[in-house]
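I'd like to ask you about the structure that follows.
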Amino acid sequence: MQSKEDNGIKPEKKSGRKKLTIIIASAVLVLGAGGGGTAWYLNRTEDGAGVQAKQKPPVFVNLETFTVNLQSEHGDQHLQTNLTLKMEDADAADLIKLHMPEVRNRVLLLLSSKAAAQIAVVDGKKKLASELLAEIKQPFSESRPELAIQSVLFTSFVIQ
């Protein structure tokens, strides 16, 4: 026969072992989740650094000075401006240089279609830059894709 003390001790030992097993399993899960989260974070950070390292620096193409007559409002007014194109890579810059007469023609036609009041304010200049970008990005032939120009920058801008 077993005494009451033995009955009380055996369930406590089993209960103690179950608790210990649960605690160990929980600790392993927490450590595993922490290690997995740390590995994911470090890989994500390294991937982001790798993407930044693979990006090529932009190439800038300076265009010769443009001088155009603006649309008449109050007599003759002229615009003299210098533009710089920010290109994605050297290949795109070479393509622009190859087709420079067409690029200059597109820019001259667009600039000469403007009135001084339209482009004298900052918002007008920003709008003009986006219009120039859209115009210059157009392919030179139907079989070619759109040109890889990131932005059009004004390096000088004088209205007289």
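Which one is surrounded by the most Cβ atoms within 10 Å (Cβ to Cβ), of the residues in the stretch 127-142 that are modelled with pLDDT of 90 or more and among the small types (Gly, Ala, Ser)?
Ala129
What number of residues within the stretch 72-130 are farther than 22 Å from Pro145 by Cα and assigned to a strand (DSSP E or B)?
7
Yes/no matrix, rows are residues, columns are (1) surrounded by 14 or more Cβ atoms within 10 Å (Cβ to Cβ); (2) under 20 Å from Phe60 (Cβ atoms):
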residue	(1), (2)
Gln118	yes, no
Lys125	yes, yes
Arg144	no, no
Leu147	yes, yes
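The values are calculated or read from the model by the stated rules, or taken from the named source; none is laboratory data. Nothing here was measured: the structure is a model prediction, and the numbers come from that model. Cβ atoms come from the backbone with ideal geometry, glycine included; neighbour counts cover every protein chain shown.
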